[in-house]
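Q: Submitted below is the structure of interest, expressed as structure tokens.
The values are calculated or read from the model by the stated rules, or taken from the named source; none is laboratory data. The shown structure was predicted, so the numbers you read here are calculated from the model rather than taken from an experiment. Here the Cβ is made from the backbone with ideal geometry for all residues, glycine too, and neighbour counts use every protein chain on show. The accessibility values were calculated without ligands, DNA or RNA, using every heavy atom of the protein model including side chains. Shrake-Rupley method; radii C 1.70, N 1.55, O 1.52, S 1.80 Å.
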Amino acid sequence: MSDVLLIERLESRVALLTINRPEVLNALNGEVRCALVGALDALRSDDDVRAIVLTGAGEKAFIAGADIGEFKGMTAVMQYRKMQASNIYSEMERMPKPIIAMINGFCLGGGCELAMACDIRVASDRARLGQPEINLGIIPGGGGTQRLPRLVGEGRAMKLIYTGEMISAEEAERIGLVDQVVPADELTERTLELARAIASKSPIALQAAKESILAARRMPMDEGLKFERAWFGLLFSTRDMDEGVSAFLEKRKAEFTGE
Ligand code: COA
């Protein structure tokens, strides 16, 4: 396990990933990216983990963006190769398990992009979000120009990206950039409660839901509906479906296994 990324397997089949560079507000450097890709790889095949929560260490930041220290002296070719080598943002979406961003403070640049690549965003009422790259003479490079307009609409995305301004958690919730805002001292408890609730569902049905929802981004509506129907039909062959229906009829709680 790397020091820059803490991996905890909690009770109730939830894994907590904590980016651990609080001295630089958890800025994303190569080591963190590499550790994140490795952690997702390990968790993908870990049947004991059904939901993942991603957060930043300390009280101040979720992730304050890419590590700006790494930018100095970096050539276009070096940056291009780095981006080609691994794309943590796409890896998050390819992960067949739900990932919740637990946004505990500054959520900027690559941090905001990483949060957007998660499935659900829960933020502390003290969080501040934004895409400040324009202040460095660049643009978002982790999917911000693509995912932000999908979440908040083109005009609001353009305003955030053109101005580099930070917005409050409340404003982020109002425009759809975060899904839930909770008091800072309840953030961990409330986020883990959500993660535990999700982790108690059928893992194969969760995967089907995630893949079907994300399919809408690359498919026209009729193709997306076909994709959904194929998954829907397939789920009728699972033990989890049998268990879910039996549990309902027998008035008991379902125990899903993912089979
Ligand atoms: N990369 C590298 N280091 C960073 C960083 C980043 N993205 N964000 C913060 N840090 C470092 C600071 O340099 C500082 O280090 P130091 O103590 O050695 O000087 C430390 O983290 C604390 O940050 P500081 O700026 O002192 O905190 P603050 O409360 O005054 O301001 C921010 C907080 C988030 C407003 C400010 O740090 C900031 O603007 N960060 C850059 C955000 C950004 O542009 N991200 C997109 C990058 S593409």
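Q: Suppose the filter is in the same structural domain as LYS72 (by TED's automatic domain parsing) and either open to solvent by less than 20 Å² (accessible area, probe 1.4 Å) or aromatic (Phe, Trp, Tyr) (or both); does GLY153 pass it?
A: Numbers: in the same structural domain as LYS72 (by TED's automatic domain parsing): yes; either open to solvent by less than 20 Å² (accessible area, probe 1.4 Å) or aromatic (Phe, Trp, Tyr) (or both): no.
So GLY153 fails the test.
Q: Helices (runs of 4 or more DSSP H) wholly in region 1-105 with at least 3 residues that are within 19 Å of the chain's Cα centre (by Cα) - which ones?
A: Details: elements: 30-44, 76-85, 88-94.
Once the helices (runs of 4 or more DSSP H) in region 1-105 are filtered for at least 3 residues that are within 19 Å of the chain's Cα centre (by Cα), what remains is 30-44, 88-94.
Q: Can you confirm whether region 159-166 contains a residue that is open to solvent by less than 50 Å² (accessible area, probe 1.4 Å), assigned by TED's automatic domain parsing to the domain that holds ALA66 and in contact with a Phe, Trp or Tyr (Cβ under 9 Å, 6 or more places away or on another chain)?
A: First, the residues of region 159-166 that are open to solvent by less than 50 Å² (accessible area, probe 1.4 Å): 160-161, 164.
Narrowing further to those that are assigned by TED's automatic domain parsing to the domain that holds ALA66: 160-161, 164.
From what is left, the residues that are in contact with a Phe, Trp or Tyr (Cβ under 9 Å, 6 or more places away or on another chain) are none.
So far as region 159-166 goes, no, none of its residues is open to solvent by less than 50 Å² (accessible area, probe 1.4 Å), assigned by TED's automatic domain parsing to the domain that holds ALA66 and in contact with a Phe, Trp or Tyr (Cβ under 9 Å, 6 or more places away or on another chain).
Q: Considering region 168-222 alone, what residues qualify as being open to solvent by less than 20 Å² (accessible area, probe 1.4 Å), of a type in the set (Ser, Thr, Tyr) and under 17 Å from the mean Cα position of the chain (by Cα)?
A: Residue satisfying the conditions is THR191 alone.
Q: Of the conditions (1) assigned to a loop (DSSP other than H, G, I, E, B); (2) touching an Asp or Glu at 6+ places or on another chain (Cβ under 6 Å); (3) hydroxyl-bearing (Ser, Thr, Tyr), SER212 fails just one. Which one is it?
A: The failed condition is (1).
Q: Determine if region 74-86 includes at least one residue that is charged (D, E, K, R) and either surrounded by fewer than 21 Cβ atoms within 10 Å (Cβ to Cβ) or within 16 Å of the ligand (Cβ to nearest atom) (or both).
A: Quick first cut of region 74-86, residues charged (D, E, K, R) only: 81-82.
Next, from what is left, pick out any that are either surrounded by fewer than 21 Cβ atoms within 10 Å (Cβ to Cβ) or within 16 Å of the ligand (Cβ to nearest atom) (or both): 81-82.
The answer is yes; a qualifying residue exists.
Q: State yes or no: is ARG126 assigned to a loop (DSSP other than H, G, I, E, B) and out of contact with any Leu (no Cβ under 8 Å at 6 or more places or on another chain)? Reasoning before the result, please.
A: Details: assigned to a loop (DSSP other than H, G, I, E, B): yes; out of contact with any Leu (no Cβ under 8 Å at 6 or more places or on another chain): yes.
Here the answer is yes, as ARG126 does meet what is asked.
Q: Could you please give the count of residues in region 64-73 that are on the phi > 0 side of the Ramachandran plot and either within 10 Å of the ligand (Cβ to nearest atom) or among the β-branched types (Val, Ile, Thr) (or both)? Steps first, answer last, please.
A: From region 64-73, those on the phi > 0 side of the Ramachandran plot are 65, 73; that's our starting set.
Of the ones still in play, those that are also either within 10 Å of the ligand (Cβ to nearest atom) or among the β-branched types (Val, Ile, Thr) (or both) are 65.
So the count comes out to 1.
Q: Just to verify a result, which residue in region 135-156, among those that are more than 16 Å from the ligand (Cβ to nearest atom) and either over 16 Å from the mean Cα position of the chain (by Cα) or without any contact (Cβ under 8 Å) to a residue 40 or more places away in the chain (or both), is nearest to GLY65 (Cα to Cα)? Write out each step before concluding.
A: Keep residues of region 135-156 that are more than 16 Å from the ligand (Cβ to nearest atom), which gives 146, 149-156.
Of the ones still in play, those that are also either over 16 Å from the mean Cα position of the chain (by Cα) or without any contact (Cβ under 8 Å) to a residue 40 or more places away in the chain (or both) are 146, 149, 151-156.
Working: GLN146: 17, PRO149: 19, LEU151: 19, VAL152: 20, GLY153: 22, GLU154: 22, GLY155: 22, ARG156: 20 Å.
So, considering only residues that are more than 16 Å from the ligand (Cβ to nearest atom) and either over 16 Å from the mean Cα position of the chain (by Cα) or without any contact (Cβ under 8 Å) to a residue 40 or more places away in the chain (or both), the one nearest to GLY65 (Cα to Cα) is GLN146.
Q: Taking PHE106 as meeting all but one of (1) more than 16 Å from the ligand (Cβ to nearest atom); (2) touching a Phe, Trp or Tyr at 6+ places or on another chain (Cβ under 8 Å), write down the number of the exception.
A: Result: PHE106 passes all but (1).
Q: If you go through region 186-206, how many residues are part of a helix (DSSP H, G or I), under 15 Å from ASP48 (Cα atoms) and not small (Gly, Ala, Ser)?
A: Going through region 186-206 one residue at a time, the tally reaches 5.
Q: Could I ask something else about it? Just checking, which of ALA61, ALA127 is within 16 Å of the ligand (Cβ to nearest atom), crowded, with 24+ Cβ neighbours inside 10 Å, touching a residue at least 12 places away in the same chain (Cβ under 8 Å) and within 16 Å of GLU171 (Cα to Cα)? Break it down into steps so the answer makes sense when it comes.
A: Working: ALA61 fails: within 16 Å of GLU171 (Cα to Cα).
Only one candidate qualifies: ALA127.
Q: Being free of Cβ contacts under 8 Å to residues at least 12 places away in the same chain and either outside the structural domain of ALA127 (by TED's automatic domain parsing) or within 22 Å of the chain's Cα centre (by Cα) (or both) is the requirement here; does GLU259 meet it? Let's see the steps before the verdict.
A: Details: free of Cβ contacts under 8 Å to residues at least 12 places away in the same chain: no; either outside the structural domain of ALA127 (by TED's automatic domain parsing) or within 22 Å of the chain's Cα centre (by Cα) (or both): yes.
It is false that GLU259 is free of Cβ contacts under 8 Å to residues at least 12 places away in the same chain and either outside the structural domain of ALA127 (by TED's automatic domain parsing) or within 22 Å of the chain's Cα centre (by Cα) (or both).
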